[in-house]
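What follows is one structure encoded as structure tokens, with my remarks underneath.
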Amino acid sequence: MLKGQVVGHIVSTNKIEKLVGNKFLEVRLIENETLTDKYIVAVDRLVSAGIGETVLVTTGSSARMALGDEYSPVDAVIVGIVDKV
């Protein structure tokens, strides 16, 4: 599982049928409580994260399982929003 900060929305007007209706977010990864220069694009169908929020991202086959579709062509899914204490 990865931790990151949502920094933007990705707009894709043309996509395959399985991805229609999904929200794509650009996530800047956090390592050792520090923002890195690494970015990923993750699907957010489950938690409705917004720009600036710290999120948890799962990748690989776990991402497809989180969406409930093991055949979906998705490699990263936002599965939680980190609460600020």
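Positive end of the dipole of the chain (Cβ unit charges, origin at the Cα centre): among L56, L19, I40, the Cα lying farthest that way belongs to L19. Ignoring ligands, DNA and RNA, what percent of the accessible area of the chain is carbon or sulfur (1.4 Å)? Heavy-atom surface of the chain belonging to carbon and sulfur, 1.4 Å probe: 51 percent.
V27: net charge of surrounding residues, Cβ under 11 Å, Lys/Arg +1, Asp/Glu -1, itself excluded?
Working: positive: K3, R28, K38; negative: E26, D44, E53.
Result for the local shell: 0.
For the listed peptides 22-30, 48-56, a ranking on the average number of other beta carbons within 10 Å per residue, highest first, reads 22-30, 48-56.
Think of a 1.4 Å ball rolled over the protein heavy atoms: the chain then has 62 Å² of accessible area per residue.
The calculated 222 nm mean residue ellipticity attributable to helices in the chain amounts to -2000 deg cm²/dmol, summing -39500 (n - 2.57) over DSSP H runs of n ≥ 4 and dividing by all residues.
So if I take the alpha carbon set of the chain, get Rg, then get Rh from the Kirkwood formula, what is the Rg over Rh ratio?
0.96
The values are calculated or read from the model by the stated rules, or taken from the named source; none is laboratory data. Nothing here was measured: the structure is a model prediction, and the numbers come from that model. Methodologically, a virtual Cβ is constructed for each residue, glycine included, from the backbone with ideal geometry; neighbour enumeration extends over all protein chains shown. These area figures cover heavy atoms from the full protein model, side chains too; ligands, DNA and RNA do not enter into them. Shrake-Rupley method; radii C 1.70, N 1.55, O 1.52, S 1.80 Å.
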